[in-house]
Amino acid sequence: MVIRLKQLYNIVGERISLDYSVSGDKLNEVKGFTFSSPLTIKGMASNRAGIVSLKYSAEFTLHICCDRCLIEFDRDYCFDFEHILVRSLNNSDDSDEYIVTENDELDMDELALSDCLLSLPSKMLCREDCKGLCPKCGADLNQGECNCGDQIG
């Protein structure tokens, strides 16, 4: 969804509400991740005293494989994000603090996907205390001890 921001930038007190879902086709384009649900976006872009801010929440479910025991499972995620939107930057050192909107347009799908993927944990685990697989015989140590005698204690 592309949001047109010209009116928002020009009128102090203006607001744009967000409440939509990112399509399955767009989510299927993301390499390395399988979405089990749509990416639901709810939030608001507003101009307060000439500063345009974007606040939104993103909810989705991923179908993932545990990095330790290789079991597949679904996990729900909900993240909250805040950004300041600008038309341009005077100093390139500020590029991490602001979202530059070219032609007064913001590709909300792209921003939300990027925010969500960067917020995911680096290691996907089925549960925090996952014991993983035996390095010798490959038995799932969450199901019980293996009999190969090479268990990691």
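The values are calculated or read from the model by the stated rules, or taken from the named source; none is laboratory data. Here the structure is a predicted model, which is why all the values come from computation and not from measurement. No Cβ is skipped: glycine too gets one built from the backbone with ideal geometry, and neighbour counts run over all protein chains shown.
Yes or no: D96 loosely packed, with under 12 Cβ neighbours inside 10 Å, over 30 Å from D129 (Cα atoms) and free of Cβ contacts under 8 Å to residues at least 40 places away in the same chain?
Answer is yes for this residue.
What do you reckon, is L18 at pLDDT 95 or above and either closer than 20 Å to Y98 by Cα or in contact with a helix residue (DSSP H, G or I) (Cβ under 9 Å, 6 or more places away or on another chain) (or both)?
yes
Out of T40, T61, which single residue is under 30 Å from Q7 (Cβ atoms), free of Cβ contacts under 8 Å to residues at least 60 places away in the same chain and surrounded by 11 or more Cβ atoms within 10 Å (Cβ to Cβ)?
Among T40, T61, only T40 is under 30 Å from Q7 (Cβ atoms), free of Cβ contacts under 8 Å to residues at least 60 places away in the same chain and surrounded by 11 or more Cβ atoms within 10 Å (Cβ to Cβ).
Spot the failing condition for L85; the list is (1) touching a strand residue (DSSP E or B) at 6+ places or on another chain (Cβ under 6 Å); (2) touching a residue at least 12 places away in the same chain (Cβ under 8 Å); (3) over 19 Å from L5 (Cβ atoms), and only one is missed.
It fails just one condition, (3).
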